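Let me begin by presenting the structure, written as structure tokens, before commenting on it.
The values are calculated or read from the model by the stated rules, or taken from the named source; none is laboratory data. A quick note: this is a predicted structure, and the numbers were derived from the prediction, not measured. Counting neighbours? That spans all protein chains shown, and the Cβs are built from the backbone with ideal geometry, glycine included.
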Amino acid sequence: MQNFRPSPALVVSIVALVVACAGTATAASVLITSSSQVKAGSLNGSDIKNSSLTGLDIKNKSLRGGDLSDNTVTGRQIRADTITAEDLAPAVRNTLRGEGLTATEAVRRSGPEARPANVPATIGKLDLQPGTYLVLAKSTITADTTNFGLGELLRANKTGSAECVLEMAGEQDHARQAVITPGSVAPATLNMQFTRTVDAAAPVTLSCSVNDFQWRASDTSITAVKLSGTTRVDTTG
């Protein structure tokens, strides 16, 4: 007698008939009703209907970068205003903060007055946040004296020079110029500049002094222009 092997379709039909005849209790034991009935790692993407999972089905903070394929997340998948600068790497953050040039300026129209000779004084300051900057500064320095007679001609140091120093996080630029000579007082405007990248908040200071003569400052300004980046080349020879 030849063996009879039922077809898969017949097996499915018989199981369906048995379940229907047995009622809901048997059906519940056949259907998957909890995750405990599924072997770990047995389901894959082909077992899940497209677009059937939503954000509510995924545990918060359970996905990591390694769980996503490259180039699968675009701007459309990111909710507007949900990413801030603090979510970015420091280098990227500094670059983005420099996009679209912005400038900050500290101005002091007059003062300090009657500064003693040979004593440097801070005449301007500007606090800056992390980033890359072009820093420009200038000030007009005037020597305070009205004696242009014989006493001035006989004094040992007949010429007074102003020196100003612009400084930020260890970077300096110096400017020097005579402001008084025998028989004349010639106020001088000193200019300084440099580029600097800082990873933490830092002040920019401008200090000046005049040798052998009392002095005063006026029209002082420090301007910091924020850049997306800069290249510095030191040359010699």
Please state which of the following conditions PHE194 fails to meet, knowing it meets all the rest: (1) surrounded by 13 or more Cβ atoms within 10 Å (Cβ to Cβ); (2) touching a Gly at 6+ places or on another chain (Cβ under 9 Å). (2)
Return a yes/no flag: does segment 65-78 have any residue that is in a loop (DSSP other than H, G, I, E, B), of a type in the set (Lys, Arg) and either at pLDDT 75 or above or more than 24 Å from THR230 (Cα to Cα) (or both). no
